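Read the structure below first, then the notes.
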Amino acid sequence: MLRPFFALSRTTHGVLDIAAPGFYALLWLGDFPPLPIILLSLFTAFAAYTAIYALNDLMGVVADREKFVGGINPGYSVEASALRYPLAQGVLSYRSGLLWFAGWFVAALIGSYLLNPVIVIILLAAAMLEVIYCLLLKVTYWRTVVSGFVKSSGPIAAIFVVEPNPRPEWLLLALAWVFCWEIGGQNIPADWNDTEEDRRVNAKTIPLQLGPRRAGQIALVMLVLTVIVSLFLPILSPLPLGWPYLLATLAAGVWFLLRPGYLLYKTLDGRLAARLFDSASFYPLAQLTIITVFVVINRLMVG
């Protein structure tokens, strides 16, 4: 019964996205937060991602119906489902989807307030930016910049959970990492995968407006920047993260981002855009795993 709702919120992908806030919380704090904070944070993050992804489909339902008149492509594995875009397919009513969004958004607002009232502002800004992103579908491919800020909101919010007054310059560094990853590993590959559908509605995306070659170049550049920025992220942490951490984070970047990104750039094969999206989706989880190992090691050494 809930499957269409989870499809509306792309829950599989949303759960993977929660890894990025988790990564930043551990990196910034250098330790595990108290269990009640962890549980409340997980609930709030799940509610927020569930709501924002649902908002995307609610705002884009008219365009989605136009897109998929000729059928829906198989999609990428982390989002592939016969129930993709349930509103556009008529599997779910708009009213039901709106109530689903509203319930989770209110839950996210309450959780955000309990964690840190500043996060309420971040969540509201993310929702507004998501609306703007959807409205720009047929206006400009520069909307991909908006997507970078939307996706950065979750990890930035996580920092305010563990640090009430983070240094602004460090926040900018943290934002840059997520921003570059989103554009190079998520937004451009996703638009590339939906090229045929987007062409039907005259959507303005980087692959359509600039062509595959330029899209591949931009994606690869953003992925390279993601990996470079990741090497500076230890600055944000009180942990003594040395060469072992840098080598681990570099290896994750090469495997999950640069390898599939270069293959896409080299071949311009649309199927590889889907593979890049899939691989990049697991990159934050890899980073969360790495920092968790170093947090545990540090605990064992000092304890």
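In region 137-155, how many residues are part of a helix (DSSP H, G or I) and over 15 Å from Ser230 (Cα atoms)?
To start, the set of residues in region 137-155 that are part of a helix (DSSP H, G or I) comprises 143-155.
Filter once more, so that each one left must be over 15 Å from Ser230 (Cα atoms): 143-151, 153-154.
Selection size over region 137-155: 11.
Any residue in region 103-112 that is more than 18 Å from Tyr49 (Cα to Cα), touching a residue at least 60 places away in the same chain (Cβ under 8 Å) and in contact with a helix residue (DSSP H, G or I) (Cβ under 9 Å, 6 or more places away or on another chain)?
Our first condition is that a residue be more than 18 Å from Tyr49 (Cα to Cα); within region 103-112, this holds for none.
There is no residue in region 103-112 that is more than 18 Å from Tyr49 (Cα to Cα), touching a residue at least 60 places away in the same chain (Cβ under 8 Å) and in contact with a helix residue (DSSP H, G or I) (Cβ under 9 Å, 6 or more places away or on another chain).
Is it the case that region 88-105 has a residue that's on the phi > 0 side of the Ramachandran plot and touching a Lys or Arg at 6+ places or on another chain (Cβ under 9 Å)?
Yes: region 88-105 contains one or more residues that are on the phi > 0 side of the Ramachandran plot and touching a Lys or Arg at 6+ places or on another chain (Cβ under 9 Å).
Output the number of residues of region 172-198 satisfying the condition of being closer than 23 Å to Gly60 by Cα and either outside any helix (DSSP H, G or I) or without any contact (Cβ under 8 Å) to a residue 12 or more places away in the chain (or both). Steps first, answer last, please.
Taking region 172-198 and keeping what is closer than 23 Å to Gly60 by Cα, we get 179, 182-198.
Checking which are either outside any helix (DSSP H, G or I) or without any contact (Cβ under 8 Å) to a residue 12 or more places away in the chain (or both) leaves us with 194.
Here the count works out to 1.
For region 42-58, give me each residue that is over 10 Å from Leu87 (Cβ atoms) and either surrounded by fewer than 23 Cβ atoms within 10 Å (Cβ to Cβ) or not polar (S, T, N, Q) (or both).
Going through region 42-58, the residues over 10 Å from Leu87 (Cβ atoms) turn out to be 42-53, 55-56.
Once the filter is applied, which keeps residues that are over 10 Å from Leu87 (Cβ atoms) and either surrounded by fewer than 23 Cβ atoms within 10 Å (Cβ to Cβ) or not polar (S, T, N, Q) (or both), region 42-58 yields Leu42, Phe43, Ala45, Phe46, Ala47, Ala48, Tyr49, Ala51, Ile52, Tyr53, Leu55, Asn56.
Those residues that are out of contact with any Lys or Arg (no Cβ under 9 Å at 6 or more places or on another chain), crowded, with 18+ Cβ neighbours inside 10 Å and of a type in the set (Ser, Thr, Tyr), I need them from region 263-303; list them, please.
Ser281, Tyr283
Which one of the conditions (1) closer than 24 Å to Gly30 by Cβ; (2) touching a residue at least 12 places away in the same chain (Cβ under 8 Å) does Glu169 fail to meet, given that it meets all the rest?
(2) is the only condition that Glu169 fails.
Considering only residues of region 13-46 that are assigned to a loop (DSSP other than H, G, I, E, B) and among the hydrophobic types (A, V, I, L, M, F, W, C), which is farthest from Ile235 (Cα to Cα)?
By that ranking, first place goes to Ile18.
Pick from Tyr85, Tyr94: which is over 30 Å from Ser41 (Cβ atoms) and either modelled with pLDDT under 95 or touching a Cys at 6+ places or on another chain (Cβ under 7 Å) (or both)?
Tyr94
Please tell me if Phe160 is outside any loop (DSSP other than H, G, I, E, B), of a type in the set (Phe, Trp, Tyr) and within 14 Å of the chain's Cα centre (by Cα).
Criteria not met by Phe160.
The values are calculated or read from the model by the stated rules, or taken from the named source; none is laboratory data. All figures in this text were calculated on a predicted structure; none of them were measured in a lab. Reconstructed Cβ throughout: ideal geometry from the backbone, glycine too, with neighbour counts over all protein chains shown.
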